[in-house]
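Here is the structure we will look at, set down as structure tokens.
The values are calculated or read from the model by the stated rules, or taken from the named source; none is laboratory data. These numbers come from a predicted model, not from an experiment. Heads up, the Cβs are rebuilt from the backbone with ideal geometry, glycines too, and the neighbour counts pull from every protein chain shown. To get the accessible areas, we keep the full protein, side chains included, count just its heavy atoms, and leave off ligands, DNA and RNA. Shrake-Rupley method; radii C 1.70, N 1.55, O 1.52, S 1.80 Å.
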Amino acid sequence: MHKIDKLFLEKKHNVLNVYFTAGYPKLDSTPEILNALNKYGADLIEIGMPYSDPLADGPVIQQSSTVAIENGMTIHKLFEQLNAYNKTIPDGAYTAPIILMGYMNPVLQYGIEKFCAAAQAAGVDGVILPDLPMYEYETMYQELFESHDLKFIFLVTPETSNERIRKIDSLSTGFIYAVSSSSTTGNNKAIEDQESYFKHLREMTLSNPVMVGFGIKDKATFTAACKHTNGAIIGSAYIQALKDAEGINLVTKEFLNKILA
């Protein structure tokens, strides 16, 4: 069974997905962050592929992308790091599913078929590309992702029509990423104010699990987001914690303990 399917089969609620930007705060931070997130309770790990024009991201993640690019991070380098990291995992040891999040331009420059093959070889389980139109995915790329066993995750917002949500549900293969509000990551809008939206998604009885992202920053917002959904995604708050961290392991332990305690 695919790791993402197995996760949601075994854990129906309070699934925690933690996002970080590859190559931040240092070029070689990725393996250490992966180890820490696995050790201290992340159920899913979402790795951002840095891009110079990340339209859906707020200032914190934008800044982390800028730093990562300046550090020398590339898609090729990320795959090298993931392959090296995989060799350090003891046989039989469980690690959280890995999702790559990024934008089409760098992936197209890398070569999308080459990207899918490299992602599969590096142990990647799913992909989020917010600027890939649903029609293009369905007509041009769906078979390619599926042939490489890569789940593809689409986003919905409070303004997405029921008809489009149903279509997205039919195409999504990992989970549905429910953006908490029509803004960028790291926004300060109250998650609690979106309860009717999350409840509506639950009442649609979608075939995919639903994970909430944007604005999840602490235990209270995580709990509120999970009330009517399967879980939530934390990104900007963790990136901010990493910014001035003297030790990735310690800051990750403290950060996740506060969310999961």
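Taking every residue in the stretch 120-149 that is in contact (Cβ under 8 Å) with a residue 60 or more places away in the chain and pairing it with any residue that is among the β-branched types (Val, Ile, Thr) and assigned to a helix (DSSP H, G or I), at least 6 positions away or on another chain, the pairs with Cβ-Cβ distances below 9 Å are ASP125/ILE4; GLY126/ILE4. The combined condition, being in a helix (DSSP H, G or I) and either open to solvent by 50 Å² or more (accessible area, probe 1.4 Å) or in contact with a strand residue (DSSP E or B) (Cβ under 7 Å, 6 or more places away or on another chain) (or both), is fulfilled by TYR135.
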